[in-house]
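The values are calculated or read from the model by the stated rules, or taken from the named source; none is laboratory data. If you're wondering where the values come from, they're calculated on a predicted model, not measured in any experiment. Every residue, glycine among them, receives a Cβ derived from its backbone with ideal geometry; neighbour counts consider all protein chains shown.
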Amino acid sequence: MLVLALTGLLLSTPAGCGFAFSEPVQPAGFGATSDSLGRLYAQGQSFGEFLAGVKSRRETWTTNYAGATIAPALLERVRAVPGHWRLLVVAEDWCGDSANTIPYLARLTDSVQSVALRIVSSREGRWVMEGHHTPDGRAATPTIILLDSAGAEAGCFVERPAALREWMEAAKARVGEAELPQTRDAWRRNDAGQSTLREIVELLEAAVQGSPRCGGTGD
């Protein structure tokens, strides 16, 4: 489709918001320095700033954020996690996975003082995306990096929650590629971000235990 800021091509398929970059880049991964991740985070926008500039899928972004609720049990788990944490988010407003993930995380960070969030574009965060591919080998949005208080990577989440990824694999055989987007969107509405929220809480808990995990990657 379109060349994105001359860095890569968007792969627009029912599978998700993937990119095929035209030039190689050194991937990041858990070896990335805290300075480089911290600097990228500092360059990012707050959710409010990002939302004010959203042009594509605006209704999805605003509706998901306005309707987002955090289960009391999840809030209790987050508040029990010691320390201060940051979510570095690589996202694009046109990406359905971003629009159905980030508003819920923004509501979570609104509800606790120990977790903050900033958003950068795929152009700015390309090297982060390239270090955290999906299981089928794509760089994709959203790519979310959990940073500890020193700015070091402590976990990640790529593209969509595991529950949706597994459901889509099973649904392909049942409904076919043509009907997959419609049934996927119905799944998202029914889930209302709860699977994503649970995975992020699990990332936090795993990081505290010294066992960082990276959900949704093939690396």
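Listing for the model above:
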| read-out | value |
| --- | --- |
| Qualifying residues in segment 63-95 (those that are among the basic types (K, R) and farther than 20 Å from W127 by Cα) - the one surrounded by the most Cβ atoms within 10 Å (Cβ to Cβ) | R77 |
| Positions within segment 178-187 being within 13 Å of P161 (Cβ to Cβ) and either surrounded by fewer than 17 Cβ atoms within 10 Å (Cβ to Cβ) or in contact with a Leu (Cβ under 7 Å, 6 or more places away or on another chain) (or both), in sequence order | W187 |
| Subset of segment 148-177 that is under 21 Å from the mean Cα position of the chain (by Cα) and among the basic types (K, R) - its residue that is surrounded by the most Cβ atoms within 10 Å (Cβ to Cβ) | R160 |
| Members of segment 27-50 found to be modelled with pLDDT of 95 or more and in contact with a helix residue (DSSP H, G or I) (Cβ under 6 Å, 6 or more places away or on another chain), listed by number | F47 |
| Among the candidates S111, S98, S56, residue that is touching a Pro at 6+ places or on another chain (Cβ under 8 Å) and either surrounded by fewer than 13 Cβ atoms within 10 Å (Cβ to Cβ) or of a type in the set (S, T, N, Q) (or both) | S98 |
| Residue in segment 188-199 that is modelled with pLDDT of 95 or more and touching a strand residue (DSSP E or B) at 6+ places or on another chain (Cβ under 8 Å) present | yes |
| Residue count for segment 93-121, restricted to those that are under 18 Å from R188 (Cα atoms) and charged (D, E, K, R) | 3 |
